[in-house]
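Quick notes on the structure that follows.
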């Protein structure tokens, strides 16, 4: 398991350990100095002996490339902006499975719906849930009830003498 910390910080710790080892310090002593296990120091010493200072450098983490190009992502944003109805869905609500279907239809690339979220976040899209309101809702009547009826029936503080 990779230790916590930035790659540069961990590399600096390995370089300090390498310097102490070259000065003739023992493995256990170096381990105490840099606060790691003796096994780690032994591994670093072997790498230092085999490859020199270069062996202690931080290695970049491999990252899997996105299967959609920049142009495809922009085309996806345009499709999403037009809405789900324009994309052929029965309701006006984007869901991750629907976005995955659009990506597969438009670009021939299959994504698990759970992984679509990473693409949407990269495109600065956020999760939003539509408000559930009755179609028959009458805003004017609601406002009028709040102003007139509610004032009449709400409990008032008791009068003190």
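Values quoted throughout were computed directly from the atomic coordinates according to the rules given, and no laboratory measurement underlies them. Note that the structure is a prediction, hence the values are computed from the model and not measured. Note: ideal-geometry Cβ built from the backbone for every residue, glycine included; neighbour counts use all protein chains shown.
Once you reduce the range 34-113 and the range 136-161 to the center of their Cα atoms, the two points are 54 Å from each other.
The Rg/Rh ratio of the chain, with Rg taken over Cα atoms and Rh as the Kirkwood radius over Cα pairs, comes to 1.37.
Averaging over all projection directions, find the projected area of the Cα convex hull of the range 70-122 and quote it in nm² with one decimal place. Write out the running numbers ahead of the final one.
Details: hull surface 13.3 nm².
Average projection, Cα convex hull of the range 70-122: 3.3 nm².
Can you tell me which of 123, 80, 42 moves the most in a GNM of the chain? Springs connect C-alpha atoms under 10 Å apart. It is 42.
Ranking 142, 153, 27 by Cβ neighbours within 10 Å, fewest first, what do you get? Intermediate values should be presented prior to the final figure.
Numbers: 142 10, 153 7, 27 17.
So the ranking, lowest neighbour count to highest, is 153, 142, 27.
Placing dummy labels 7 Å off each Cα toward the beta-carbon, the span from residue 104 to residue 137 is 3.4 nm. Comparing 19, 73, 82 in a Gaussian network model of the chain, where Cα atoms under 10 Å apart are tied by springs, the biggest mean-square fluctuation is seen for 19. If you run the Gaussian network model on the chain, springs between alpha carbon atoms under 10 Å, then out of 63, 36, 140 the most flexible one is 140.
Please compute the volume of the convex hull spanned by the alpha-carbon atoms of the range 15-87 and report it per residue in Å³.
Normalising the Cα hull of the range 15-87 by residue number yields 159 Å³.
Set the Cα radius of gyration of the range 7-56 against 2.2 N^0.38 Å, with N its number of residues, and you get 0.98.
Provide 94, 33 in ascending order of the number of other Cβ atoms located within 10 Å of each residue's Cβ, fewest first. Write out the running numbers ahead of the final one.
Details: 94 19, 33 14.
The fewest-first ordering by Cβ neighbours comes to 33, 94.
In the range 90-144, the alpha-carbon atoms span a convex hull of 112 Å³ per residue.
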